[in-house]
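**Q** Here it is, the structure in full.
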Amino acid sequence: MRDKISLHQYVLFGSLALLVLGKVFSGNFTFDLRLLWWLLGAVVGFLFVFTDRFVYSFLMKPDEALGTRLKDLFVGKKFDEGLILLLNERHEQKELVMRSFLFVVVWIVMAILTLTSIISPFGRGFMLGIGIHLVFDLIFDYFWNKERFEQWFWQIKRVVSLEEKRWFVIVVTMVFVLLAFRF
């Protein structure tokens, strides 16, 4: 578990560093408060994706053993133990809202709308952070966690072929890269 959490951090900060360097080399870089808001938005957006574990445990499946244990810990104000339990038991959470095909499609639409309509650096960074996390998890699951990758398609009520899944990963990654340099 610690390895993937560390990998999340490397991916987030590495992606942000690459995007900032891209702005520096393109001549569009200014170091001001907007950059700091953009970076803060990206970090908050990246962390926001973890909230789907709370949604699963508290709203979607509150009667499962994990949901009951989490409620007991949070009622007892043992927040740190609850967070550790939530991260340790992540394999029990099968139908996460944000780690799904449909949410990624919604994110792409929202990212395009954000790029065309929002000038707030925090909002743009927030959407970028969500995208970094989703695309990282999608690619990681595709290559190294096949069982978890299959769960990205839990909302689709038909069998999705391997070829369709592969193209989904390719298209989402390409769209993300194109959008990321616009944020």
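Let's see how each residue does on (1) without any contact (Cβ under 8 Å) to a residue 24 or more places away in the chain; (2) of a type in the set (F, W, Y):
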residue: H8; (1), (2): no, no
residue: L12; (1), (2): no, no
residue: Y56; (1), (2): no, yes
residue: M60; (1), (2): no, no
residue: L70; (1), (2): yes, no
residue: M98; (1), (2): no, no
residue: V104; (1), (2): no, no
residue: M110; (1), (2): yes, no
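**Q** Are any residues in the range 152-183 surrounded by 13 or more Cβ atoms within 10 Å (Cβ to Cβ), part of a helix (DSSP H, G or I) and aliphatic (A, V, I, L, M), and if so, which ones?
**A** Answer for the range 152-183, where residues must be surrounded by 13 or more Cβ atoms within 10 Å (Cβ to Cβ), part of a helix (DSSP H, G or I) and aliphatic (A, V, I, L, M): V169, V172, V175, L179, A180.
**Q** Further question: Are any residues in the range 8-21 out of contact with any Phe, Trp or Tyr (no Cβ under 6 Å at 6 or more places or on another chain) and surrounded by 13 or more Cβ atoms within 10 Å (Cβ to Cβ), and if so, which ones? I'd like the intermediate steps shown before the answer.
**A** Looking only at the range 8-21, we keep the residues that are out of contact with any Phe, Trp or Tyr (no Cβ under 6 Å at 6 or more places or on another chain), and these are 8-10, 13-21.
Scanning the range 8-21 gives H8, F13, S15, L16, L19, V20.
**Q** Here are some conditions: (1) more than 19 Å from F122 (Cα to Cα); (2) β-branched (V, I, T); (3) modelled with pLDDT of 75 or more. T51 meets all but one. Which one does it not meet?
**A** Just one mismatch for T51, condition (1).
**Q** So, one more: Name the helices (runs of 4 or more DSSP H) wholly inside the range 48-148 in which the number of residues that are touching a helix residue (DSSP H, G or I) at 6+ places or on another chain (Cβ under 7 Å) is 3 or more.
**A** Passing ranges, in order: 65-75, 79-88, 101-117, 121-144.
The values are calculated or read from the model by the stated rules, or taken from the named source; none is laboratory data. No experiment lies behind these values; they were computed from the predicted model shown. All Cβ positions, glycine included, derive from the backbone under ideal geometry; neighbour counts span all protein chains shown.
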